[in-house]
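Before any comments, here is the structure.
The values are calculated or read from the model by the stated rules, or taken from the named source; none is laboratory data. Please read these numbers as outputs of a predicted model, since none were measured by experiment. We place every Cβ from the backbone using ideal geometry, glycine too, and count neighbours over all the protein chains shown. Side chains included, ligands, DNA and RNA excluded: accessible areas come from the protein's heavy atoms. Shrake-Rupley method; radii C 1.70, N 1.55, O 1.52, S 1.80 Å.
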Number of protein chains: 2
Amino acid sequence: MIDFELMKRLSRQTPSKIVLLVMDGVGGLPHPQSGRTELEAAKKPNLDRVAEESVCGLVDPVSPGITPGSAPGHLGLFGYDPVKYNVRRGIVEALGIGLEVKRNDVAARGNFSTVDERGFVTDRRAGRIPTEENARLCQILSQITLSGVEILVTPVREHRFSLIFRGDGLSPDLIASDPQQIGVAPRKVEAMTPGAKKTARLINSFIQQAERLLKNSSPANMVLLRGFSRLPEIPSMPEIYKLTPAVIALYPMYRGLGRLVGMEVLPAGNNITEQLESLRRHYQDYDFFFIHFKTTDARGEDRDYEAKVRAIEEVDRALPQLLALEPDVLIVTGDHSTPATLGLHTWHPVPFMLRSKWCRRDKVSAFSEEACLAGGLGRFPAMEIMPLAMANALKLEKFGA
Amino acid sequence: MIDFELMKRLSRQTPSKIVLLVMDGVGGLPHPQSGRTELEAAKKPNLDRVAEESVCGLVDPVSPGITPGSAPGHLGLFGYDPVKYNVRRGIVEALGIGLEVKRNDVAARGNFSTVDERGFVTDRRAGRIPTEENARLCQILSQITLSGVEILVTPVREHRFSLIFRGDGLSPDLIASDPQQIGVAPRKVEAMTPGAKKTARLINSFIQQAERLLKNSSPANMVLLRGFSRLPEIPSMPEIYKLTPAVIALYPMYRGLGRLVGMEVLPAGNNITEQLESLRRHYQDYDFFFIHFKTTDARGEDRDYEAKVRAIEEVDRALPQLLALEPDVLIVTGDHSTPATLGLHTWHPVPFMLRSKWCRRDKVSAFSEEACLAGGLGRFPAMEIMPLAMANALKLEKFGA
């Protein structure tokens, strides 16, 4: 746990710039034939040169053995304890499709599903209807009105949609309507606390109306809701660090996570080159930049080792654009590992490098798992990155007399 | 501290197998002549091969500088904070001689001791009477009856015995009768809380009767009691990790510690070969095995460097039996160091290796203190072993969306 009160006391505004480049899922495992990880196989002279000029280490995103999802993985990088500041399902779903969730909104994950004539669930996913059909049904559900709340129904993919209730006095302390099994009726949404009774009533009324509107849309003739949640109460990065932070990300999820901690969203274009061009254009207006690169994770999840190697090389080719800005602090790391051999997010610690005029350089001369292990920072939790970044930017006062 | 609630949420049952081989006290210090530690001197091709295929590290059993006894040393390996879950003396004594301690039992360590005609203690250990005399006296004390409690008096060694009070409404919140000095009378056992008054009365009555029965057994004509304790409230490994764990240990203490955290006790035979044969026989029935090897610690405590080296080689020779089972996760480490040069448990971190299909191998090619220091896990607290074992066995779900 980072002591935010201490950070608030010690942090100060200065003109120095911090750039955090997150290569999503960059950590890997050795290829069974070559014995080399994706990072070891990639030709990446620029990243390796930065490693040479950096202090390096291996980062545990949450804690040893824990495999993080995208939200906890990034909250750790931003300095938050990912277990304490847990962003729950309904919110993550909404952020992931680019919805701007407001402080008091209650969000849920929705499934279109199938019920039989008795009202019993026969398919929780309505045969995974096409996303276009989903969009059509969400439009139908958008007709539902309830007094005192605004309702947003937004398609996600296949049978999944996002539901947001916006209004005063709503509570997420609700038991899901999704029974998580077939052969039974959907549950009535129940309040877990007295303060949630009104919300439960509203949601149940939404479900009733939805059932009526979907009567003839079989197989998608019912909705199931779960993961009721609200934005976590999270102190913002401007509050804690006196920073003016910005996010440059192609995917809505990461823009949403940035916004959650007080970042402004900047245009990202369509690829890393355009992201770095946006960085250059806005360089004078902010002092902290979070740049998110997704392809390393996506190709890792595809189990496509070669493509993940190429994604790393893509970042490497674009890097001189970033280096030309000469940021006072440059950090390159990932939010977790996604080894192409496994095709999953994993718990393995992630290579990390921090370059600044004042970092204490080590002997590491390559950006890879094994090389960074010998780095000056050793193995350390992601939460400690932000204090290190602030210190290297000379943005932290001395503690104590 | 491992977040057990998080572990409960993330853990899942799978067919994969975890084997934890504990070489008690395996860590050492360099021999003054050769400059090699016991592990460095031992011929252990099998252990070194496992190191080559593992991710390695150095484990702090409790925290830097803290020398653990057997109980905290093992609780750390099992994933518990050894300071929070402190198994106290009376319980350790009882477990060490193989007594099955029940949830509400109050246990104490007893000394046979000598008092003079005024009742003042002249020897707290009654001249360290032979264990056979101890056994005879324990039989005499077993005649004592008190209404509402069962009393178990069991010899340990020389002047030491174990006392267990079994019954309802007992409390261990008692001040010892042992004054820890000579020339004064034993103290009356006093309750530290109102709820312990009844127990204090019962124990004092036991002491009175014991004094009467031992009147003519000088030098062992009195008993001193201390370390009143109860089993700690400890969530079990099945509860936390959904595991079905088993222990294969020659010594009762380690079977007791295993039972304490929910392990089933399997036959162990008389040596490591027979322990591993038992492992093979029961391999299908459990998914976590704790195998305890004592000789490394015992020879270390004897200050017998050569014999400790031979004990390491004994494990190495037996290891192929274990490797033949191809456990999904194999961990080899110790519960603490016992350097033969010192002849004591010490605080030095302990070599550690974890082999699995998904471990991120490092360059370590020998199982020793210095080699493991360069391992991929760096230096880390024993408590983190269990989450790592679970992750490598693919028994942990992703945390967060």
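Given a 1.4 angstrom probe, I'd like the percentage of the accessible area of the protein assembly as shown that is carbon and sulfur, rounded to a whole number.
Roughly 48 percent, rounded to a whole number.
Please compute the contact order of the stretch A:156-208 in relative form: average sequence separation of alpha-carbon pairs under 8 Å and at least six residues apart, divided by the residue count, as a percent. Could the numbers behind the result be given before it?
Details: 47 pairs, mean separation 15.5, N = 53.
This gives 29 percent for the stretch A:156-208.
Interface B/A, total buried accessible area with a 1.4 Å probe, nearest 100 Å²?
It comes to approximately 2200 Å² buried between B and A.
Top mean-square fluctuation among B:Gly69, B:Gly57, B:Gly119, Gaussian network model of chain B, C-alpha springs under 10 Å?
B:Gly119
How large is the charge dipole for the stretch B:216-311, taken about the Cα centre, if only the Cβ atoms of Lys, Arg (+1) and Asp, Glu (-1) carry charge, to the nearest 20 debye?
The calculated dipole for the stretch B:216-311 is roughly 180 debye.
For the stretch A:103-109, in order, what is each residue's ³J(HN,Hα) by Karplus, 6.51 cos²θ - 1.76 cosθ + 1.60 with θ = phi - 60°, in whole Hz (x at glycine and Pro)?
3, 9, 4, 10, 10, 9, 8
Kindly sort B:Met353, A:Met253 by accessible area of their heavy atoms, largest first, with the probe set to 1.4 Å.
Numbers: B:Met353 0, A:Met253 35 Å².
Result of the area sort, largest leading: A:Met253, B:Met353.
State the answer as a single residue: which of A:Ser54, B:Pro15, B:Gly127 lies farthest towards the positive end of the charge dipole of the protein assembly as shown, with beta carbon charges of +1 for Lys and Arg and -1 for Asp and Glu, about the Cα centre.
Projecting each Cα onto the dipole axis, the largest value belongs to B:Gly127.
Measuring from label point to label point, each 7 Å out along Cα→Cβ, what is the A:Ala185 to B:Leu344 span in nm?
If labels sit at A:Ala185 and B:Leu344, their model points lie 7.2 nm apart.
Would you be so kind as to list the residues of the stretch B:377-392 that have their accessible area lowered by at least 10 Å² in the full protein complex compared with their chain by itself (1.4 Å probe)?
Hits at the 10 Å² cut-off: B:Leu377, B:Glu384, B:Pro387, B:Leu388, B:Ala391, B:Asn392.
With heavy atoms of protein chains only and a 1.4 Å probe, what residues of the stretch A:56-76 have at least 20 Å² less accessible area in the full set of chains than alone?
A:Pro64, A:Gly65, A:Ile66, A:Thr67, A:Gly69, A:Pro72
Scan the stretch B:155-255 for GluC sites (Glu not before Pro) in coil per DSSP, keeping those whose Cβ has at most 15 other Cβ atoms within 10 Å, and list them by number.
Passing both the DSSP loop test and the Cβ count: B:Glu233.
Which residues of the stretch A:344-365 bury at least 40 Å² of accessible area once all protein chains are present, versus their chain alone (1.4 Å probe)?
For the stretch A:344-365, once contacts with the other chains are taken into account, A:Trp347 lose 40 Å² or more.
Compute, for the protein assembly as shown, the length of the dipole vector about the Cα centre, with Cβ point charges of +1 (Lys, Arg) and -1 (Asp, Glu) only. Units Debye, rounded to 20.
Its charge dipole is roughly 1640 debye.
Name the GluC sites (Glu not before Pro) in the stretch A:304-401 that are in a loop by DSSP and that have at most 10 other C-beta atoms within 10 Å, would you?
Within the stretch A:304-401, the qualifying GluC sites (Glu not before Pro) (loop, at most 10 other Cβ atoms within 10 Å) are A:Glu397.
Roughly how many Å² is the accessible area per residue of the stretch A:26-122, as a whole number, for a 1.4 Å probe?
Each residue of the stretch A:26-122 exposes 32 Å² on average to a 1.4 Å probe.
If you count only protein heavy atoms with a 1.4 Å probe, what accessible area per residue comes out for the stretch A:141-294, rounded to a whole Å²?
Each residue of the stretch A:141-294 exposes 43 Å² on average to a 1.4 Å probe.
Given label points at 7 Å from Cα along Cα→Cβ, what nm distances, shortest first, separate A:Pro179 from the same residue in every other copy?
Shortest to longest, the spacings are 7.3 nm.
Mean separation of Cα pairs under 8 Å and 6+ residues apart, divided by the residue count of the stretch B:115-224: what relative contact order is that in percent?
Value for the stretch B:115-224: 27 percent.
Between the stretch A:49-97 and the stretch A:158-194, what is the C-alpha centre distance in whole Å?
What the calculation gives is 28 Å, centre to centre.
Which cross-chain or sequence-distant (5 or more) residues have an amide H under 5 Å from the amide H of B:Val247, H modelled 1.01 Å from N in plane?
Result for B:Val247 returns B:Glu264, B:Val265, B:Leu266, B:Phe290.
Mind checking the stretch A:82-158 for chymotrypsin sites (Phe, Trp or Tyr not before Pro) that DSSP puts in a loop (not H, G, I, E or B) and that have at most 15 other Cβ atoms within 10 Å? Working shown, then result.
Details: sites: A:Tyr85, A:Phe112, A:Phe120; in loops: A:Tyr85, A:Phe120.
Passing both the DSSP loop test and the Cβ count: A:Phe120.
Taking a label point 7 Å out from Cα toward Cβ, give me the nm distances from A:Glu190 to the same spot in the other copies, shortest first, one decimal.
Once sorted, the set of distances for A:Glu190 reads 5.2 nm.
Given R₀ = 25 Å, FRET efficiency for A:Thr193-A:Met1 by Cβ-Cβ distance, to 0.05?
So the FRET efficiency works out to roughly 0.40.
Any idea which of A:Leu214, A:Gly227, A:Thr193 is furthest toward the positive side of the dipole for the stretch A:183-238, if Lys and Arg beta-carbons carry +1 and Asp and Glu beta-carbons -1?
A:Leu214
What does the charge count near A:Leu243 come to, summing +1 for each Lys or Arg and -1 for each Asp or Glu among other residues with Cβ under 9 Å from its Cβ?
Result for the neighbourhood of A:Leu243: +1.
Skip the ligands, DNA and RNA, and give the accessible area per residue of the stretch B:315-363 with a 1.4 Å probe, whole Å².
Computed with neighbouring chains in place, this is 35 Å² per residue.
Which cysteines in the protein assembly as shown lack any other cysteine whose Cβ sits under 4.7 Å from their own Cβ?
For the protein assembly as shown, the answer is A:Cys138, A:Cys359, B:Cys138, B:Cys359, because their Cβ atoms have no other cysteine Cβ under 4.7 Å.
At what distance in nm do the modelled label points of B:Leu146 and B:Asp285 sit from each other, each positioned 7 Å from its Cα along Cα→Cβ?
It works out to 3.9 nm between the two label points.
Counting only residues 5 or more places away or on other chains, whose amide H sits under 5 Å from the amide H of B:Phe352 once H atoms are built in the peptide plane?
B:Gly57, B:Val59
Looking down the axis that turns A into B, which residue of A has the closest beta carbon, and how many Å out?
Per the A/B rotation axis, the closest residue of A reads A:Gly378, 3.
Of A:Lys357/A:Lys395; B:Lys17/B:Lys102; B:Lys357/B:Lys398, which pairs sit farther than 20 Å apart, going by alpha carbon to alpha carbon?
Details: A:Lys357/A:Lys395 13 Å; B:Lys17/B:Lys102 29 Å; B:Lys357/B:Lys398 18 Å.
Pairs exceeding 20 Å: B:Lys17/B:Lys102.
Got the relative contact order for chain A handy, in percent, Cα pairs under 8 Å and 6 or more residues apart?
Numbers: 960 pairs, mean separation 135.6, N = 401.
RCO, chain A: 34 percent.
With a 10 Å cut-off between alpha carbons and a GNM built on chain B, which of B:Thr341, B:Thr295, B:Thr193 moves the most?
In the Gaussian network model the winner is B:Thr193.
Which Cα, out of A:Gly343, A:Pro381, A:Ala307, lies furthest along the positive dipole direction of the stretch A:295-388 (beta carbon charges, K/R +1, D/E -1)?
Farthest towards the positive end: A:Pro381.
Shortest first, in nm, what separates the label point of B:Arg212 from those of the same position in the other copies (7 Å along Cα→Cβ)?
8.6
Under the rule of -39500 (n - 2.57) per DSSP H run of 4 or more residues, summed and divided by the residues of the protein assembly as shown, what mean residue ellipticity at 222 nm is obtained, to the nearest 500 deg cm²/dmol?
-9000 deg cm²/dmol
Rounded to the nearest 20 Debye, what is the dipole magnitude of the stretch A:101-229 about its Cα centre when Lys and Arg each give +1 and Asp and Glu each give -1 at the C-beta?
Value, rounded to 20: 180 debye.
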